[in-house]
Ligand SMILES: Nc1ncnc2c1ncn2[C@@H]1O[C@H](COP(=O)(O)OP(=O)(O)OP(=O)(O)O)[C@@H](O)[C@H]1O
Ligand SMILES: [Mg+2]
């Protein structure tokens with residue numbers, strides 16, 4: 001229920017971002033710890049590959065935690081036992097780039113455009129996961145859009161999926177952050 005309420009708020013422009021500087025790598029570690037039980041239950045290997053020890057970004061930490069948590073939660077749900085999940089961060093110019101990759105069931109090419117829609121679940125995931133409501137990615141995309149950043153997906157059916165999004169690096173040029181406050 002809160003997902004739906006939050007989504008409505010975001011879409012009516014009521015979401016207020018609290019932009020601060022924080023280490024995205026640390027936030028990712030925190031999410032891995034929160035999801036540890038699920039990861040262990042499915043015997044998944046989780047690999048965090050950080051280009052640098054810490055990577056300071058300028059964003060709303062609570063909102064971004066929701067993004068990382070949702071993407072990792074999907075990766076876990078849609079990856080069969082024994083599979084692998086990797087989270088990579090790297091810095092490119094003024095941006096930090098975060099990729100969450102899995103070796104799961106993948107998404108049909110014809111469905112790739114629809115996964116961002118509220119309540120959309122692929123037929124495959126419907127049979128596999130009866131709990132989700134299909135709001136996670138709609139929320140993720142809204143949050144990234146509100147930050148003025150981008151998110152994209154690449155996937156191959158039966159092989160796996162990778163979601164990549166960007167964030168402004170801390171200490172970037174003021175123009176980068178201008179309309180995100
Ligand atoms: N990592 C992934 N691998 C395969 N399919 C995915 C992955 N992430 C998302 N999908 C597909 O996109 C659909 C929408 O994802 P979304 O996170 O919005 O919903 P959900 O996980 O089903 O439910 P909720 O997030 O509300 O609990 C999923 O149901 C699934 O079909
Ligand atoms: Mg989800």
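What to note about this one:
- Between 0 and 90°, nearest 10: helix 2-11 axis offset from the chain longest Cα axis: 50 degrees
- Extension gain, residue 93 to residue 37, is 16.6 nm, computed as 0.36 nm per intervening residue step minus the present C-alpha separation.
- For the chain, the longest principal axis of the C-alpha atoms and the axis of helix 24-34 are separated by about 40°.
- Residue-averaged 222 nm ellipticity for the chain, from DSSP H runs of 4+ at -39500 (n - 2.57), nearest 500: -10500 deg cm²/dmol
- For the chain, built as a Gaussian network whose Cα springs stay under 10 Å, the top-fluctuating residue of 171, 158, 13: 13
- Taking the C-alpha atoms of the chain, convex hull volume expressed per residue in Å³: 114 Å³
- Highest mobility in the GNM of the chain, judged by mean-square fluctuation with C-alpha springs under 10 Å and restricted to 32, 87, 49, is found for 49.
- The stretch between residue 152 and residue 47 holds 35.8 nm of extra length on full extension. This uses 0.36 nm per residue minus the Cα-Cα distance.
- Against the chain, whose longest principal axis is taken from its Cα atoms, helix 136-146 shows a tilt of about 20°.
Values in this text are rule-based calculations from the coordinates and carry no lab data. Owing to the predicted nature of the structure, the values given are computational and were not obtained by experimental measurement.
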